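Only one structure is covered here, and it is reproduced in the block below.
The values are calculated or read from the model by the stated rules, or taken from the named source; none is laboratory data. Owing to the predicted nature of the structure, the values given are computational and were not obtained by experimental measurement. Positions of Cβ are backbone-derived with ideal geometry, glycine not excepted, and every protein chain shown enters the neighbour counts.
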Amino acid sequence: MALKTAIEQNDSPWPLYQQVKQLIIRRIQAGHWQPGSKIPTENDLVETLGMSRMTINRAIRELTNDGHLIRRRGSGTFVAPRKPRMGLLEIRSIADEIREQGGIHHCDVHLLDEERVNKELAAQTGFEPGSVIFHSVTIHRNGRNPIQMADRYVNPLLAPDYLNQDFTKITPSEYLLHTTPLTEANISIDAISPDRQICRLLEITAKEPCLLIRRTTWSKKTLATSSRFISPSSRYSIEGSFKPRSTSQQILA
């Protein structure tokens, strides 16, 4: 169905820019415009739909802010890659999450070094003051788009070769899950406003809300990792499910 016909046959009471947004989302969901594909220009949409430039611009701008579209200066507007979803109680590689959504994983390594734990870091991570730990900061991308900053502190006693890995080829999670048997994890989730460093590394503005996942893992009784995972909320999501073990259990709202 042509774009203009779809609008003309729609008796929606919503403003025109909302109708344009809904039309574009429907075409994406129906597979007419695939993730990564370029959509018609604003000029083309103005001409095809017979609407004002202001109406089309607002629809495209809001869809971009909502994470459905990506604007690339000098190239045009593209359908955003599908958002990877992390299982709430799972520990897995983000590369697998991206590939399962049809994306392409890339990793930038911004820090990979050895550090000595001071009092402040000890309070943040749980590692003993004065001990030596490994520290990595990696940016995981879905295609060109940064979707997660992973800031990890690792116990060298459990992963002595951590600093020798090429994390552009294997993710830290993949390496740690392969080498270190994790027996316990503590996970918390918050919404935050990004600081300057996060904005720069994730290529977002300060107005973009972010998800912050803090995760501490143990191998038997030994602290293995203390990590922060920060993602733009428009590019990444978290899901979980709960199944009662018996009909007598209740899920409290």
Self-check item: Subset tally (residues that are part of a helix (DSSP H, G or I) and either touching a residue at least 60 places away in the same chain (Cβ under 8 Å) or touching a strand residue (DSSP E or B) at 6+ places or on another chain (Cβ under 9 Å) (or both)) for the stretch 139-182
Solution: 7
Quiz item: Taking into account only those residues within the stretch 48-71 that are without any contact (Cβ under 8 Å) to a residue 24 or more places away in the chain and of a type in the set (D, E, K, R), which is nearest to Ile25 (Cα to Cα)?
Solution: Arg61
Quiz item: Is it true that Ile198 is more than 28 Å from Lys220 (Cα to Cα), surrounded by 14 or more Cβ atoms within 10 Å (Cβ to Cβ) and touching a Pro at 6+ places or on another chain (Cβ under 7 Å)?
Solution: no
Practice problem: Find the residue count for the stretch 25-47, including only residues that are surrounded by 11 or more Cβ atoms within 10 Å (Cβ to Cβ), in a helix (DSSP H, G or I) and modelled with pLDDT of 90 or more. | Solution: 5
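Yes/no matrix, rows are residues, columns are (1) surrounded by 13 or more Cβ atoms within 10 Å (Cβ to Cβ); (2) more than 19 Å from Ile94 (Cβ to Cβ); (3) at pLDDT below 95; (4) small (Gly, Ala, Ser):
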residue	(1), (2), (3), (4)
Asn142	yes, no, yes, no
Pro146	yes, no, yes, no
Tyr153	yes, no, no, no
Pro160	no, yes, yes, no
Ile170	yes, no, yes, no
Quiz item: Looking at (1) surrounded by fewer than 16 Cβ atoms within 10 Å (Cβ to Cβ); (2) assigned to a helix (DSSP H, G or I), can you tell me which one Trp14 breaks?
Solution: (2)
